[in-house]
1. Return only the number of the condition from (1) away from the ligand (no atom under 14 Å from the Cβ); (2) within 17 Å of PRO123 (Cβ to Cβ) that LYS67 does not satisfy.
2. Contact list please: Cβ distance under 6 Å, first residue in region 104-130 and over 15 Å from GLY90 (Cβ atoms), second residue in a loop (DSSP other than H, G, I, E, B) and among the aromatic types (Phe, Trp, Tyr), pairs at least six apart or on different chains.
3. State the number of residues belonging to region 86-108 that are hydroxyl-bearing (Ser, Thr, Tyr) and under 19 Å from LYS143 (Cβ atoms).
4. Tell me, yes or no, whether region 15-26 has at least one residue that is part of a loop (DSSP other than H, G, I, E, B), within 26 Å of ASN245 (Cβ to Cβ), out of contact with any Ser or Thr (no Cβ under 9 Å at 6 or more places or on another chain) and hydrophobic (A, V, I, L, M, F, W, C).
5. Provide a single number: the residues in region 161-179 that are more than 18 Å from LYS247 (Cα to Cα), more than 16 Å from the ligand (Cβ to nearest atom) and crowded, with 17+ Cβ neighbours inside 10 Å.
6. Considering (1) assigned to a helix (DSSP H, G or I); (2) touching a Phe, Trp or Tyr at 6+ places or on another chain (Cβ under 7 Å), say which one PRO205 fails and leave the rest.
7. Checking the structure you have, find out if any residue of region 68-80 is on the phi < 0 side of the Ramachandran plot, touching a residue at least 40 places away in the same chain (Cβ under 8 Å) and within 18 Å of the chain's Cα centre (by Cα).
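FYI, it's all coordinate maths here, none of it is from the lab. Predicted model only: the values in this text are computed from it and were never measured. FYI the Cβ positions are ideal-geometry reconstructions off the backbone, even for glycines, and counts take in every protein chain you see.
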Amino acid sequence: MVDTHAHLTMKDFDKDREEIVNNFEEEGIEFVIEVGYNVESSKRAVDFASSHERIYSAIGVHPHEVKDLRGDWLSILESFSKEKKVVAIGEIGLDYFRDLSPRSTQRESFDDQLALAEKLDLPVIFHIRDAYIEAREIMKKHKVRGVVHSFNGTLEDAKDFLNMGLYIGVGGIATYKKSEVLREIISTVPLTRILTETDSPYLFPATKGIRKRRNEPKYVRFVLEVLATLFDVSFENVESVTTQNAKELFGL
Ligand SMILES: [Zn+2]
């Protein structure tokens, strides 16, 4: 299994980060992508990946954080890309749900980071919320490849993203009882275009017998179980296809 979206360098994991990573092999986690959300966390992701075999990193500034950008942040970000094991630009995009940064700033820095991804020939991890149409307008100005992290849109959105050659990120939300419509939409996406993720420490999946708490990469298992049911294939089949998908997109 792979977890293509986690934030293990957050303070939530200060007490047991190493233990979690040390257990990956035993739990069947082949690799995890540690995703940056501002300049500092991107640097942390890069360092974390360089010191841990099963960790890769993505660098980028999340729409919530772009309001605080100063000076030559884009060239600093670019300098991080020279480090080994940086496999993507992300998470970047638009978030018109929480609107924590002015929308014009969100659009501008999204555009800038897409240009950087194009220049570096790296795939992109997209964070888009309540702004799929607006985001696609900006994305279409660039040659993009990547994954729409924690996809939660309409059937039309899914089709448009697939037509753009993107992957659909499936995580905890797809396991929730109320997410019936989302699951129906996901079942129309070819399994070869789905990436599995947790967004740890967020989005703990709905499971029987485990109380809602901090999410961890090992719980990506519950996402694979939902996919196996949806596609009516074995867990092993979902595991091998989604692992292969991630390797293809991130060039591993
Ligand atoms: Zn995230």
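1. If we test LYS67 against (1) away from the ligand (no atom under 14 Å from the Cβ); (2) within 17 Å of PRO123 (Cβ to Cβ), just (2) comes out false.
2. What qualifies is ASP130/TYR96; ASP130/PHE97.
3. 0
4. No - not one qualifying residue is present in region 15-26.
5. 3
6. Checking PRO205 against (1) assigned to a helix (DSSP H, G or I); (2) touching a Phe, Trp or Tyr at 6+ places or on another chain (Cβ under 7 Å), the one that fails is (1).
7. So far as region 68-80 goes, no, none of its residues is on the phi < 0 side of the Ramachandran plot, touching a residue at least 40 places away in the same chain (Cβ under 8 Å) and within 18 Å of the chain's Cα centre (by Cα).
One line per residue, one yes/no per condition, for (1) more than 16 Å from the ligand (Cβ to nearest atom); (2) within 23 Å of ARG183 (Cα to Cα):
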{"site": "SER101", "(1), (2)": "no, no"}
{"site": "ARG107", "(1), (2)": "yes, no"}
{"site": "ASP111", "(1), (2)": "yes, no"}
{"site": "ALA117", "(1), (2)": "yes, no"}
{"site": "ARG129", "(1), (2)": "no, yes"}
{"site": "GLY146", "(1), (2)": "no, yes"}
